[in-house]
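Read the figures in this text as sums done on the coordinates, not as results from a lab. Quick caveat: nothing in here was measured; it's all calculated off a predicted structure. As a convention, Cβ positions derive from the backbone with ideal geometry for all residues, glycine included, and neighbour counts pool all protein chains shown.
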């Protein structure tokens, strides 16, 4: 079994090891293990019931071109390191928890 699937977050989804993933339905927090998907170009976690903060480990996905986190219950600060994702051309945060703070250190 892929070690990524030892995390319950990923066991509940249909994961295809391609550079594009749309995961739904998901609850709980975004796991730090998401950083192991280092060849990922497109990550869509929208329209779930994700809570907690965006993990800084997400900012290590240097191949990421599109990130969608809309329609979740995320809170806290968006990691400033997200600005280091030089390949990122689209990021969608709409309809997130009003407690979210944009680009705080």
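Tallying residues that are out of contact with any helix residue (DSSP H, G or I) (no Cβ under 6 Å at 6 or more places or on another chain) and either in a loop (DSSP other than H, G, I, E, B) or buried (at least 17 other Cβ atoms within 10 Å of the Cβ) (or both) within the stretch 22-33 yields 5. Residue 54 meets the conditions (1) within 15 Å of residue 90 (Cα to Cα); (2) part of a loop (DSSP other than H, G, I, E, B) in every case but one. The failed one is (1).
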